[in-house]
Amino acid sequence: MKQKELAVENKYSRYLTQYSEFEEWVANNSSPLDDSLRSEAINEFRRIGFPTAKRGNEAWKFTNVNPIANQDFDFDFKSQDAELNSKMISEVTPYYDQWNTITLVNGIYNRVLSRTLDAGIVIKALRDKDPNCSLGTHADVKSNGFIAINTAFINDGAEILVSNNYQCAAPINIVHISTGNSAPRVTYPRTLIILESNSSASIIESYISINSDSQFTNAVTEIAVGEGAQLNHYRYLHESPSGFHIGSTVVDQKADSSFKTVSYSKGSKVGRNDLLVRLNDAGASCDIRGLYFTEGDEHIDNHINVDHAAPNTYSNQYFKGILADTSRAVFSGKTLIRQIAQKSEALQGDKNLILSEGARVNTKPSLEIYADDIQAAHGATAGAIPDDQIMYMLARGLDMETATSFLIQGFANEIIDSITLKEFKEYLLNYFDISMPKFRFQGFGKGKVYGGPVERV
Amino acid sequence: MLEIKDIHAVVAENQTEILKGINLSVKAGEVHAIMGPNGSGKSTLANVLAGQPDYEVSSGTIEFKKEDLLSLPPDERALKGIFLAFQYPMELPGVRSWQFIKAALDAKLRYTNQKELTAREFDKIFKETTASMDISEDLMRRSVNEGFSGGEKKRSEMIQMLMLSPDLAVLDETDSGLDIDALKTVANGVNQHRSKNNAVILVTHYQRLLNYIKPDYVHVLINGKIAKSGGPELAKELESKGYDWVKEVASEKDGGKGKS
Ligand SMILES: Nc1ncnc2c1ncn2[C@@H]1O[C@H](COP(=O)(O)OP(=O)(O)O)[C@@H](O)[C@H]1O
Ligand SMILES: [Mg+2]
């Protein structure tokens, strides 16, 4: 065994022990899960481990995953469903009777809390193995240790298939809940979404925790958008602020397909929203928007990659962040335009509203371009609430708290407005209405910008 | 209603003195025009009344409705009845005009122990007011002043004034950048608002607006001081003779010091 592997082996020995226990349990319970996919994944994890290295680790430069790597999490693979009901869930995430709903509790598909309303979609638990299932073909276990370990521990999950030409009437709600446990718990939510040719759907994935404070959620979602298909996708992350969340989403798009996504990410102790979109065929387009909000000592990292691998492809990344207290956010947007991707267009933007001097953002939109006949633009900003906007509102009789929250909400509205799913849009507007008025503009700075130092990298 | 006594004001950042001893008394029912060349301190005076923290009052007093104004923060001044129509109204990205003006009116009604309007009641008055200022409802559904033309911003300020019906309205060059039709619309708004119970201070660079709103008094501000006061005829005189004429008079009074 090579030196490095040995080191990984020692450091992560508990994961390897957990894996043996899990394997044994799977064998004894005649689970139909794919052994070869999992064993390949654990071997890969053994080789690479978590991305904890400091040097040459560009993708994880501003997000330190050591607190995750160094902690013992309990993988409760035998877990039976926790006592939950729809009312408890609807209090913490968008949850409506008139939606197709898939509820996964600690990574396990919950039949009672799930229902399919649309005829043209198939919703399956990954435990009910579908022989044609393309699980693992989009998210590469070699790309990072988190995807590898999620794949190694696939225990259950959700598979959603929207058939050819079917236009989903009701949204599909995929709710991942992590519940409290005696020891900090790790869950490995796994989701596969397939839209066949010319179909369309609106899908929301949410990640929440109930009665839990230091869980680790390591989620992977694979999405295939077929030729001419249209997916409106939403991601809602709002777990406990002292927990850890690493979410990886990989999207493969066929010709003339459209993938639109809007995410809302509330900070975690360490939070990461990793998204890779591959525009594989001509005419594919993606529109990726996100809103993030951190307070206390929370951290969120939006790591967005778009790969233009065909001509006439379009991508737009637009993120906005609100940072309070001593929290920290990272935006790294990378768009690759390959030589073959002529006549493509790529846009990137990230704007940050810094509410206090101690908050800090690292923002780095970047374009890597190998084609000559393309259009591309990118930009990033970070700044405090402008004094003169506050003054204008005070001069109309609004108090400082109201003025501040109006401006924060106004800042967020630009992203929220791009949500076409009415209930989700209203949910977020309402959430901001309730949670923003506690912030207060920190004082007039005689023309100075108030806020923390902005690091440009 | 307003008693300004020997106000000196400096730019907070560098302590440069801008207002050099202003005296002004405004009673309910009056309209005062403040005229003067660019840079004479007109906006500074308007901003000092509103409580803009970019300026510090280094000496002098201001009483509004017999109460000390200078110790009040800007929002309380507004609630007590002072309204400043800004020379350069701010854009508030993502903040809808409807929501903003409703919140401002609600705050004022609460402050004066009146009942807040329902959305429907507000909407009715808001629509009428918007129409009277020749602003489309569509524009008012957008963010406050965002993407508005210069003239639209000025009329949006007037809508806010009419909705809030302040006791003292200070209009800082609300006439500049307007074509003749828009100027008449704005003037109509002011005339409609005027009553024996409220007062208006019109800050303007040009005499033009005063053809449509007849002031009771005209003051000429030069180099941080009121150099001359008079009736409406003073505006006419300024139009034909220009500001240089007053400057000369002012510098004679100053014993030649203020001559530029
Ligand atoms: N915030 C500020 N910082 C520095 N100088 C200022 C500031 N505000 C006004 N001044 C200066 O004060 C003078 C008067 O300005 P202002 O009151 O805007 O004049 P007016 O409105 O009559 O054109 C000008 O010389 C201007 O440059
Ligand atoms: Mg001015």
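Of note:
- Share of alpha-carbon pairs per 20 Å distance bin for the protein assembly as shown, given as whole %: 16, 40, 26, 15, 3, 0
- The range A:61-112 and the range B:182-230 have Cα centres lying 65 Å from one another.
- Helix axis angle, A:400-416 relative to chain A longest principal axis, alpha carbon, degrees: 50
- Relative to the dominant Cα principal axis of chain B, helix B:119-132 is inclined by about 50°.
- Residue-span extension gain [residue A:182 to residue A:59] - 0.36 nm each, minus C-alpha spacing: 41.0 nm
- Taken about its Cα centre, chain A carries a charge dipole of about 940 debye when Lys and Arg each add +1 at the Cβ and Asp and Glu each add -1 at the Cβ.
- Shielding by partners, peptide B:71-77 (average Cβ within 10 angstrom, other chains): 5
- Area of residue A:90 that stays accessible when all protein chains are in place (1.4 Å probe, Å², to 10): 50
- Karplus (6.51, -1.76, 1.60) ³J(HN,Hα), θ = phi - 60°, over the range A:261-267, in Hz, Gly and Pro reported as x: 9, 10, 10, 10, 10, 8, x
- Ranked by solvent-accessible area (1.4 Å probe, protein heavy atoms only, all chains present), the residues A:95, B:212 order from largest to smallest as B:212, A:95.
- Seen against the Cα atoms of chain A and their longest principal axis, helix A:35-48 is set at about 50 degrees.
- You can think of it this way: the chain between residue A:91 and residue A:36 has 15.8 nm of extra reach, that is 0.36 nm per residue less the Cα-Cα gap.
- For chain B, with +1 on Lys and Arg beta carbons and -1 on Asp and Glu, the positive-most of B:174, B:229, B:14 along the dipole: B:229
- Rg/Rh (Cα only; Kirkwood hydrodynamic radius) as it applies to the range A:3-281: 0.95
- Treating r as the C-beta distance of residue B:241 and residue B:180 and R0 as 22 Å, the FRET efficiency rounds to 0.40.
- Trypsin sites (Lys or Arg not before Pro) restricted to DSSP loop in the range B:156-203 with at most 15 other C-beta within 10 Å: B:196
- Counting, for every residue in B:101-110, the Cβ atoms of other protein chains within 10 Å of its Cβ and taking the mean gives 3.
- CD proxy at 222 nm, helix term only [per DSSP H run n ≥ 4: -39500 (n - 2.57); per residue of the protein assembly as shown; nearest 500]: -8000 deg cm²/dmol
- Applying a threshold of 30 Å to the alpha-carbon distances of B:5/B:127; A:266/B:154; B:154/B:228 flags B:5/B:127; A:266/B:154 as lying beyond it.
- Of B:162, A:195, the residue with the largest accessible area leads and the full order is B:162, A:195 (1.4 Å probe).
- Taken along the Cα-to-beta-carbon direction at a fixed 7 Å, the label points for residue B:66 and residue B:119 span 4.2 nm.
- For residues of A:402-413, the mean tally of beta carbons on other chains within 10 Å: 4
- By accessible area with a 1.4 Å probe, ligands and nucleic acids excluded, highest first: order of A:99, A:25: A:25, A:99
- In nm, spacing of pseudo-spin labels at residue A:242 and residue A:169 (7 Å Cα→C-beta vector): 4.7
- Given A:343/A:422; A:87/A:129; A:438/B:66; B:102/B:153, the pairs whose alpha carbons are separated by over 24 Å: A:343/A:422; A:87/A:129; A:438/B:66
- Cα centroid of the range A:347-370 to Cα centroid of the range A:392-419, whole Å: 21
- Whole-Å distance, taken between Cα centres, linking the range A:248-268 and the range A:186-242: 9
- Using θ = phi - 60° and Karplus 6.51 cos²θ - 1.76 cosθ + 1.60, couplings along the range A:311-319 (whole Hz; Gly, Pro as x): x, 6, 10, 10, 9, 9, 10, 9, 10
- Virtual spin-label span in nm between residue A:417 and residue A:78, 7 Å along Cα→Cβ: 5.5
- Rounded accessible area of residue A:117 (nearest 10 Å², 1.4 Å probe): 90
The values are calculated or read from the model by the stated rules, or taken from the named source; none is laboratory data. Worth saying up front: this structure is predicted, and the values here are computed from it rather than measured. Every residue, glycine as well, gets a Cβ built from its backbone with ideal geometry; the counts of neighbours run over all protein chains shown. For accessibility, only protein heavy atoms count, side chains too; no ligands or nucleic acids. Shrake-Rupley method; radii C 1.70, N 1.55, O 1.52, S 1.80 Å.
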